[in-house]
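The values are calculated or read from the model by the stated rules, or taken from the named source; none is laboratory data. Computed from a predicted model, the values in this text were never measured in an experiment. Neighbour counts run over all protein chains shown; Cβ positions are idealised from the backbone, glycine included. Note: areas computed on protein heavy atoms with side chains; ligands, DNA, RNA excluded. Shrake-Rupley method; radii C 1.70, N 1.55, O 1.52, S 1.80 Å.
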Amino acid sequence: MSNNEAKTAKDLAKELLNPRKNGFFQVTDEQIAAADAFNEGYKAFLDAAKTERESVDYAVEAAEKNGFVEFDPAKKYQPGDKVYYNNRGKALCLAVIGTEGCKNGVRIAAAHIDNPRIDLKPIPLYESGEMVYLKTHYYGGIKKYQWTAIPLAMHGVIVKRDGEVIKVKVGEEPGDPQFTITDILPHLGADQMQKTLGAAFTGEDLNILIGSRPVREDEAAQAYKLNIMKILNEKYGVVEADFISAEIEFVPAFRATDIGFDRSLVGAYGHDDRVCAYPALEAILDCGTPVQTVITVLADKEEVGSMGNTGLNSEFMRYFIADLAQAEGYEPRHVISKSTCISADVTAAYDPHYAYAYEAQNSCYINGGLGVSKYTGARGKGGTSDANAEYVAKIRKLFDDAGVVWQIGELGKVDQGGGGTVAQYVANLNIDVIDIGVPVLSMHAPFEVVSKFDVYMAYMGFKAFFEEK
Ligand code: MN
Ligand code: MN
């Protein structure tokens with residue numbers, strides 16, 4: 001206990017109250033320059049890897065350049081060894097073996113590399129009004145009106161019956177064609193304008209325009225659709241039925257760009273959650289030899305609830321840790337139960353134009369640093385892992401000691417809505433876990449905005465978590 005009687009109110013306030021301070025008043029000019037430089041790499045990643053598969057390809061290439069090799073469960077590893085496990089080209093675990101290995105648990109940073117987008121239906125191709133379209137099924141939580149009348153690019157794979165995998169990416173290179181979903185002109189929008197935002201655009205309306213010229217032969221059936229198939233067959237060797245075994249994702253064709261005269265922000269498609277995936281990847285590439293073994297997990301399927309064998313509601317991460325534990329002679333469940341995790345996922349940044357949806361005192365702010373969320377979920381904390389106070393205290397100390405600028409907030413007002421992350425599935429393994437990530441404006445829109453400062457603090461924070469002695 002301290003004697004407060006002798007102190008002035010100013011001293012007392014400094015000691016006792018918890019001020020909110022913009023990050024720019026807490027760092028040096030050098031750190032701001034370092035943040036700007038870090039974001040140049042981040043923007044290059046955003047443009048190179050717009051899907052989960054492309055993110056895995058990017059991460060594997062970067063890892064191999066930094067001395068990571070493919071994990072072999074039959075092998076014994078030494079401190080400083082770097083390994084990765086590629087789960088079906090859509091999810092990835094990277095590990096650096098620590099000086100004490102798995103003995104006292106591992107440290108995990110888990111981010112996701114799938115983003116909201118427009119997927120194709122299994123039989124997508126059709127013609128209508130003498131034009132050609134693809135039928136779609138949207139992926140993740142989107143506001144459908146935002147995805148019309150913008151340029152789209154096509155990414156993904158087509159797997160032929162014989163197993164041949166054809167990678168496709170159209171609309172990203174200069175000179176590539178792009179695609180779009182049309183909207184009704186305002187002049188004829190009277191009926192649409194009467195509808196609510198939720199009702200005006202249905203999932204079945206999100207059809208992508210991909211052509212308008214027929215094969216020039218009289219009497220040809222489905223001449224418009226046939227002309228597109230002819231082009232696709234010449235380019236990729238595919239037939240219409242090959243769409244059945246394809247994973248084609250349409251994403252905004254925008255490139256990542258600086259936003260603002262001061263270039264303080266980055267605008268791009270799919271910050272959620274590549275804005276945590278990239279710092280988590282860079283942190284493990286740069287972390288040296290840690291004490292505890294550290295793992296960066298880049299997971300798929302978070303935007304649809306982490307279901308499926310590349311999502312974190314499956315066993316793939318647990319199996320990976322179990323293999324590491326067994327190679328050192330430990331019981332996997334003992335290692336897993338002693339492990340700790342940062343669920344590295346974005347949070348909502350306070351937006352003054354929609355202030356009614358936030359509780360200002362418990363919101364995360366642009367340039368406030370890395371955003372910590374003790375819990376997410378909805379209603380009465382439903383559907384979330386509420387991090388233990390003891391673990392929150394450890395994270396506070398870790399970040400403060402490492403000079404990481406951070407803040408804590410909730411995802412909007414109580415009962416305004418809510419969201420979930422992978423934290424609950426990690427917690428199910430008996431691991432201490434907390435959500436920590438970058439605040440985002442316009443989350444899940446085709447073009448999202450983050451602060452360069454906050455992105456850099458994510459890197460600093462994840463690295464400090466890996467390097468803690
Ligand atoms: Mn997310
Ligand atoms: Mn999301």
**OP:** Please give the peptides 276-285, 201-210 ranked by average Cβ packing (other Cβ atoms within 10 Å per residue), highest first, as a rough proxy for protection.
**Re:** 276-285, 201-210
Original post:
What is the sum of charges around Lys169, taking Lys and Arg as +1, Asp and Glu as -1, for the other residues whose C-beta is under 15 Å from the C-beta of Lys169?
Top reply: -3
**OP:** Treating only the Cβ atoms of Lys and Arg (+1) and Asp and Glu (-1) as charged, compute the dipole magnitude of the range 69-210 about its Cα centre; round to the nearest 20 debye.
**Re:** 700 debye
**OP:** Could you run the Karplus curve 6.51 cos²θ - 1.76 cosθ + 1.60 with θ = phi - 60° over the range 121-129 and give me ³J(HN,Hα) per residue in whole Hz, x for Gly and Pro?
**Re:** 6, x, 10, x, 7, 7, 10, 7, x
Original post:
With every protein chain kept in the model, how would you rank Ser245, Ser339 by accessible area, 1.4 Å probe, largest at the top?
Top reply: Ser245, Ser339
Original post:
What's the extension gain from Thr202 to Leu16 if we count 0.36 nm per residue and subtract their Cα-Cα distance?
Top reply: 61.7 nm
Original post:
Under a Cβ-Cβ cut-off of 14 Å, what is the net charge of the residues other than Asn207 that fall near it, where Lys and Arg count +1 and Asp and Glu count -1?
Top reply: -1
Original post:
Once fully extended, how much extra length lies between Arg161 and Lys75, figured as 0.36 nm per residue of separation less the alpha-carbon to alpha-carbon distance?
Top reply: 27.4 nm
Original post:
What trypsin sites (Lys or Arg not before Pro) does the range 61-135 have in DSSP loop regions with at most 15 other beta carbons within 10 Å?
Top reply: Lys75, Lys76, Arg88
Original post:
Separation of the range 208-246 and the range 140-185 by C-alpha centroid, Å?
Top reply: 16 Å
Original post:
Which order do Phe38, Phe261 take when ranked by solvent-accessible area (1.4 Å probe, heavy atoms of all protein chains), largest first?
Top reply: Phe261, Phe38
**OP:** With N set to the residue count of the range 346-449, report its C-alpha Rg divided by 2.2 N^0.38 Å to two decimal places.
**Re:** 1.06
**OP:** Count the net charge of all other residues whose Cβ sits under 14 Å from the Cβ of Tyr84, scoring Lys and Arg as +1 and Asp and Glu as -1.
**Re:** -2
**OP:** Using the charge dipole of the chain (Lys, Arg: +1 at Cβ; Asp, Glu: -1 at Cβ; taken about the Cα centre), state which of Thr182, Gly89, Cys364 has its Cα farthest towards the positive end.
**Re:** Cys364
Original post:
Over the chain, what percent of the accessible surface lies on carbon and sulfur atoms, probe 1.4 Å?
Top reply: 51 percent
Original post:
Which whole-angstrom value gives the distance between the alpha carbon centres of the range 190-205 and the range 366-420?
Top reply: 35 Å
Original post:
Using the eigenvalues of the Cα gyration tensor, what equivalent ellipsoid semi-axes result for the range 8-126 when each is taken as the square root of five times the eigenvalue, whole Å, largest first?
Top reply: 37, 27, 16
**OP:** Determine by what factor the alpha-carbon radius of gyration of the chain differs from 2.2 N^0.38 Å, reporting the quotient.
**Re:** 1.06
**OP:** List the GluC sites (Glu not before Pro) within the range 77-155 that fall in a DSSP loop (any state other than H, G, I, E or B) and whose Cβ has at most 14 other Cβ atoms within 10 Å.
**Re:** Glu100, Glu130
Original post:
Relative contact order (percent) for the chain, with alpha-carbon contacts under 8 angstrom and 6 or more residues of separation?
Top reply: 22 percent
**OP:** Starting with the highest mean, order 17-23, 410-416 by the number of other Cβ atoms within 10 Å, averaged over the residues of each peptide.
**Re:** 410-416, 17-23
Original post:
Could you sort Lys144, Lys469 by accessible area so the largest value comes first, with the probe set to 1.4 Å?
Top reply: Lys469, Lys144
Original post:
Listed here are the pairs Lys301/Lys397; Lys43/Lys90; Lys76/Lys397; Lys121/Lys235; Lys10/Lys394; which of them are more than 26 Å apart at the Cα?
Top reply: Lys301/Lys397; Lys76/Lys397; Lys10/Lys394
